[in-house]
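The values are calculated or read from the model by the stated rules, or taken from the named source; none is laboratory data. Not measured: the values here are computed from a predicted model. Cβ: placed from backbone, ideal geometry, glycine included. Neighbour counts: every protein chain shown. Each accessible area value is taken on the protein alone, full model and side chains, heavy atoms only, with ligands, DNA and RNA left out. Shrake-Rupley method; radii C 1.70, N 1.55, O 1.52, S 1.80 Å.
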Amino acid sequence: MPDKIQTYQELAELMIFAQRPDATACAEYGLWNERMGRYVRRGSKGIALLDDSGDRPGVRYVFDVSDTGARENSRPVNLWRLDADTRPVVSSMLADYYGAPEIAALSQQLWEAAANLAQEYLDGHGFEIHGILAEIDGEEYNRNAGERWFLDAATVSSAYALMSRCGLDPDESIDPEEDFRVLYEYLSPETAAMLGTAVSQIDREIL
């Protein structure tokens, strides 16, 4: 059951990003209205997510905080942001937990942290990853090339998302046209789902 729950969480994150990449805090209508005392603006389009709470999978909708407005009795929505006060703490954490040197710029630290966690993910899920990639190349599959592809693809994808979430401009450190070209070396629904799961776990741990 925990694996199923984790899979749905990861899928929800991917579905939110696919539909609303700028979303920051999402919840269902009832939570915004009843618990937070906020209203969902008329005409707001919900973000569709799979719902596994019933006997059969269905669809539920969530709304981003930007789709809501405050009333007099609304509870505050405190969104985490990286600022001058929290930056040193974040930098120190990245060094202590993920081996990203503090002497580097924060964007480089996030890249190093993503790379280290990508390697950990590969170490723990190598059998599954190689199996998916081998189905594309067949007998010509090269394990070393497959590992390099996964590490490069997972690192750049995770680092880009981390920099964006921390309010940095990832385009200053990453060239989307050049650095994301690696994603197309192994392109299939299976590799996209596998890579999406890895990136989701890496970013969730760091954030």
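Taking the range 29-77 as the range and being touching a residue at least 40 places away in the same chain (Cβ under 8 Å) and more than 23 Å from the chain's Cα centre (by Cα) as the test, the residues that pass are Arg35, Met36, Arg75. Of all residues being in contact (Cβ under 8 Å) with a residue 40 or more places away in the chain and charged (D, E, K, R) in the range 168-203, which is surrounded by the most Cβ atoms within 10 Å (Cβ to Cβ)? Just the residue, please. Within the range 168-203, the match that is surrounded by the most Cβ atoms within 10 Å (Cβ to Cβ) is Asp203. Checking each residue in the range 67-95 for being surrounded by 14 or more Cβ atoms within 10 Å (Cβ to Cβ), closer than 21 Å to Leu168 by Cβ and of a type in the set (Gly, Ala, Ser) picks out Ser91, Ala95. Here Arg165 meets each of (1) charged (D, E, K, R); (2) touching an Asp or Glu at 6+ places or on another chain (Cβ under 8 Å); (3) open to solvent by less than 60 Å² (accessible area, probe 1.4 Å) with one exception, condition (3). Say whether the condition of being open to solvent by 80 Å² or more (accessible area, probe 1.4 Å) and either closer than 22 Å to Ala193 by Cβ or touching a Leu at 6+ places or on another chain (Cβ under 6 Å) (or both) is met by at least one residue in the range 34-42. No - not one qualifying residue is present in the range 34-42. Considering (1) modelled with pLDDT under 95; (2) open to solvent by 40 Å² or more (accessible area, probe 1.4 Å); (3) part of a helix (DSSP H, G or I), the lone condition that Ile103 does not fulfil carries the number (3).
For Ala145, the requirement of being out of contact with any strand residue (DSSP E or B) (no Cβ under 8 Å at 6 or more places or on another chain) and open to solvent by less than 10 Å² (accessible area, probe 1.4 Å) is not met.
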